[in-house]
Amino acid sequence: MIQTDILIIGAGPCGLFTVFEAGLLKLRCHLIDSLPQPGGQCSEIYPKKPIFDIPAYPEILAGELTDKLMEQIAPFKPGFTLGERAEFIEKDDEDQFIVTTNRGTKHRAPVIAIAAGLGCFEPRKPPVEDLADYEDKGVEYIIKDPEFYRGKKVVISGGGDSALDWTVFLADGVAEEVTLVHRRSGFRGHPDSVQKVMDLAEAGKINLVVNCEVTGVGGEGKLEKVVVKHKTDGEKEIVADHWVPLFGLSPKLGPIADWDLNINKNSIEVDTLDYQTNVPGIYAIGDINTYPGKLKLILCGFHEATLMVQSAFKRIYPDKNLVLKYTTVNGVNGFE
Ligand SMILES: Cc1cc2nc3c(=O)[nH]c(=O)nc-3n(C[C@H](O)[C@H](O)[C@H](O)COP(=O)(O)OP(=O)(O)OC[C@H]3O[C@@H](n4cnc5c(N)ncnc54)[C@H](O)[C@@H]3O)c2cc1C
């Protein structure tokens with residue numbers, strides 16, 4: 001049984017920053033994440049994209065932001081249970097929550113902070129036969145590092161911003177060949193990105209295959225080709241080292257949906273006083289929560305984490321006085 005003061009579900013930017021703010025109040029934290037690495041969306045979806053609205057960083061790569069947060073929280077020695085999904089919650093007779101993961105790891109804490117973002121990451125997968133046989137052998141649902149595709153023949157599917165942006169990026173001297181397949185002739189993405197893709201197609205720098213869907217995958221032990229079917233002109237094969245269907249992530253709350261919390265459109269309702277849910281002792285911060293005026297931005301999640309830990313402290317130590325001390329005065333005194 002792992003015991004801590006605040007058990008954080010989700011090691012995205014907001015979960016990570018909670019460790020820092022809690023640490024300043026001498027509260028210990030442990031984080032659970034179903035992904036094998038911390039950073040949430042920043043690490044999993046867009047580690048190489050620059051973010052421009054983190055205070056004092058005119059520009060920072062999302063992956064770099066995760067590294068900086070890990071450095072900032074290091075003095076507070078957080079524990080991590082990575083690659084495991086928080087599944088069940090119950091209370092023991094000492095008013096502590098027990099959270100058990102899909103692998104049976106048990107955690108015990110008086111306070112729970114749900115920082116589960118979009119929920120468990122579940123990419124929308126196309127209904128293609130034998131697809132699972134090629135996953136991580138040429139079929140990927142997220143582009144983590146564009147360098148992985150250097151000199152390769154890449155087929156991207158999708159009509160949204162991710163598909164358009166990565167097509168443009170990989171066509172700029174990274175991949176040997178880029179083919180964008182979309183089932184319609186119009187795109188949902190930003191008009192500027194659509195225009196860039198059209199210009200690249202006209203210049204012969206990418207293959208644009210519209211009104212088509214990938215219907216088959218093939219290869220010996222790894223992906224070597226995809227089959228595309230046109231609405232009217234039948235099927236053809238495209239030689240490919242990689243196929244990246246970018247159909248988005250389905251927002252699934254996952255097991256948390258069964259924790260008796262007030263849910264509104266896949267988000268957890270909270271009181272903006274302290275970001276507590278309808279269950280006392282369970283808080284929700286970052287992208288996972290909702291309240292009037294909510295903005296799904298990292299900056300807002302940091303603010304929520306800061307207020308949340310103040311309330312958590314009072315819950316854990318109802319008789320202690322809490323005085324706000326500046327870090328410039330008090331410094332950052334980590335745990336031994
Ligand atoms: C392409 C893109 C660009 C963006 N650009 C910006 C930007 O410029 N500025 C900005 O402020 N924001 C931006 N965002 C949004 C920003 O990334 C999110 O606001 C931020 O990641 C939310 O952080 P979070 O910690 O709440 O959740 P997340 O980053 O979503 O992390 C949540 C974590 O919880 C885990 N989890 C969920 N359920 C469970 C469970 N049951 N058990 C265990 N683990 C679980 C997930 O695996 C995940 O790692 C962008 C998002 C995208 C996709």
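Each value in this text was obtained by applying a stated rule to the coordinates, not by laboratory testing. These numbers come from a predicted model, not from an experiment. Heads up, the Cβs are rebuilt from the backbone with ideal geometry, glycines too, and the neighbour counts pull from every protein chain shown.
Observations on the model:
- Computed over region 126-247: relative contact order in percent, which uses C-alpha pairs under 8 Å that are six or more apart: 34
- Straight Cα distances below 15 angstrom link Lys296 to the aspartates and glutamates Asp53, Glu269, Asp287, Glu304, with same-chain residues fewer than 8 positions distant left out.
- Only beta bridges with both residues in region 126-247 are counted; by DSSP, about 45 percent of them are antiparallel.
- Region 12-146, Rg to Rh (Cα coordinates; Rh as Kirkwood inverse mean 1/r): 1.02
- 20 °C / 1.002 mPa s Stokes-Einstein diffusion coefficient of the chain, Kirkwood radius on C-alpha pairs, µm²/s: 98
- Antiparallel beta bridges, as assigned by DSSP with both residues in the chain, represent about 45 percent of the total such bridges.
- 27 Å Cα-Cα reach of Lys325 towards lysines, excluding residues that sit fewer than 8 places from it in its own chain: Lys26, Lys68, Lys77, Lys314
- What you get for the chain, charging only the Cβ of Lys and Arg (+1) and of Asp and Glu (-1), is a dipole of about 360 debye around the Cα centre.
- Per-residue [θ]222 nm for the chain (sum of -39500 (n - 2.57) over DSSP H runs n ≥ 4, rounded to 500): -7000 deg cm²/dmol
- Here the contact order of the chain, divided by its residue count and restricted to Cα pairs under 8 Å and six or more residues apart, works out to 20 percent.
- log10 of Debye I(q)/I(0), alpha-carbon scatterers only, for region 126-247 at 0.13, 0.14, 0.18 Å⁻¹: -0.45, -0.52, -0.89
- Relative contact order %, region 3-157, counting alpha carbon pairs below 8 Å whose residues are six or more apart: 28
- Cα-based Lys proximity count in region 126-247, under 18 Å, for pairs eight or more positions apart or on separate chains: 15
- With 5 Å bins from 0: P(r) over region 91-191, alpha-carbon pairs, percent: 2, 9, 15, 16, 14, 10, 7, 7, 8, 6, 3, 2, 0
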